[in-house]
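Before I ask anything, here is the structure I am working with.
The values are calculated or read from the model by the stated rules, or taken from the named source; none is laboratory data. Note that the structure is a prediction, hence the values are computed from the model and not measured. Note that we place each Cβ from the backbone using ideal geometry, even for glycine, and neighbour counts take in every protein chain shown. Surface areas here come from the heavy atoms of the whole protein model, side chains and all, with no ligands, DNA or RNA. Shrake-Rupley method; radii C 1.70, N 1.55, O 1.52, S 1.80 Å.
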Amino acid sequence: MRKLGSILLFLFLTGLFTGLFFSTCLSSENTRSLSTLLLTGITSSQTGFLKSFLTSLFTNFTLFALMLPALLSKCLCPLPPLVLWYKSFAIGFCSGLIWMGARSRILFLSLLHILPQNLFLIPGFFLCSLTILSVSLQRSPNRSSGSGLSRNTSMLPNHSRPHPAGSRRNHPHQKSSPFANNRLLFFLVLSALLLAAGSFTEAALRLAVLSPS
C-alpha cells in the first residue's frame, strides 16, 4: 500500500506540474481567451447554489465511476491512476490559466475558488484511486494455469487430483465479490463523502462570493 501511495503521489504531482507547464506554453491569444472564459465562469456565474452543486457533483462522481471498473478486473487497473492524473492535470491547468490571466488577484482567487474545494477533492480522489488500485492488483487468479492443471489432471481419480492453492476447498468461506470487503466499502464511502464535501464547498463559496451584499 505504501509503494502504491508513493507511485500515485508521483503521478499526481506529475499531472499537476504538467498542467501548469502546459497552460504557460500556450500562445498568448489562446491563453488570454481561455483565461477570460475561466475567470468569467468563476467570478460572474449566474447559476444558483443547487445547480452549481449538482454540476460539480456530477463531474466529480463521473470520474469516481470511471475508476470503479478496475475492481472487476486486473486488466483495468490503469484506470484509477489515469483518472487521478487527469484530475491533477485539470487542477494545474486551471491554476496556470488563473495565474496568467489575473496575476493581480491570484491570491484572492486561489483562496476562494481553487484551494477550499480541493482540500476535499484531492484527498477524495487520491484515497479512491489508491483503494481501487490496490484491490484491483490483488485480483490475480491464475485462470490459465488453473485450466491447464485441470486438463492435465482430468484423467486422475477425484481423490488424487491436486487442488490449486486458494481454491474453494481450501477456503470454503472465501467470497468472490470485491464489494464483500468491509474496508473497501468504508474507503469508497469515505472517498464519496469527500467528493461530495468538495462539491458542496465549491458551490457554497461561489454563492457567498457572487451573492449581493
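Take the residues of the range 2-42 that are part of a helix (DSSP H, G or I), open to solvent by less than 80 Å² (accessible area, probe 1.4 Å) and of a type in the set (G, A, S): which is nearest to I98 (Cα to Cα)?
Restricting to residues being part of a helix (DSSP H, G or I), open to solvent by less than 80 Å² (accessible area, probe 1.4 Å) and of a type in the set (G, A, S), the top hit is S35.
Another one. Out of all the residues in the range 151-174, is one or more buried (at least 17 other Cβ atoms within 10 Å of the Cβ), polar (S, T, N, Q), in a helix (DSSP H, G or I) and at pLDDT 50 or above? Break it down into steps so the answer makes sense when it comes.
Applying the first criterion (buried (at least 17 other Cβ atoms within 10 Å of the Cβ)) to the range 151-174 yields none.
Taking every residue of the range 151-174 in turn, none turns out to be buried (at least 17 other Cβ atoms within 10 Å of the Cβ), polar (S, T, N, Q), in a helix (DSSP H, G or I) and at pLDDT 50 or above.
Of the residues that sit in the range 80-98 and are modelled with pLDDT of 95 or more and among the aliphatic types (A, V, I, L, M), which one is surrounded by the most Cβ atoms within 10 Å (Cβ to Cβ)?
Among residues in the range 80-98 that are modelled with pLDDT of 95 or more and among the aliphatic types (A, V, I, L, M), the one surrounded by the most Cβ atoms within 10 Å (Cβ to Cβ) is L84.
Just checking, which of L111, L50, L11, L20 is at pLDDT below 85 and among the aliphatic types (A, V, I, L, M)?
Values: L50 fails: at pLDDT below 85; L11 fails: at pLDDT below 85; L20 fails: at pLDDT below 85.
Answer to the selection: L111.
Is it true that C128 is among the hydrophobic types (A, V, I, L, M, F, W, C), at pLDDT 85 or above and open to solvent by 50 Å² or more (accessible area, probe 1.4 Å)? Working first, answer last.
On the way: among the hydrophobic types (A, V, I, L, M, F, W, C): yes; at pLDDT 85 or above: yes; open to solvent by 50 Å² or more (accessible area, probe 1.4 Å): no.
No, not satisfied.
Looking at the range 176-213, which of the residues that are farther than 26 Å from R139 by Cα and outside any helix (DSSP H, G or I) is modelled with the highest pLDDT?
Taking the candidates together, the pick is S211.
Let me ask you something else. K51: touching a residue at least 12 places away in the same chain (Cβ under 8 Å) and on the phi < 0 side of the Ramachandran plot, yes or no? Even if it seems obvious, please write down each step before you answer.
Values: touching a residue at least 12 places away in the same chain (Cβ under 8 Å): no; on the phi < 0 side of the Ramachandran plot: yes.
No, not satisfied.
So, one more: I'm trying to understand the selection: among the residues of the range 43-62, which are of a type in the set (S, T, N, Q) and either in contact with a strand residue (DSSP E or B) (Cβ under 7 Å, 6 or more places away or on another chain) or open to solvent by less than 60 Å² (accessible area, probe 1.4 Å) (or both)?
So in the range 43-62, the residues of a type in the set (S, T, N, Q) come out as 43-47, 52, 55-56, 59-60, 62.
Across the range 43-62, the qualifying residues are T43, S44, S45, T47, S52, S56, N60, T62.
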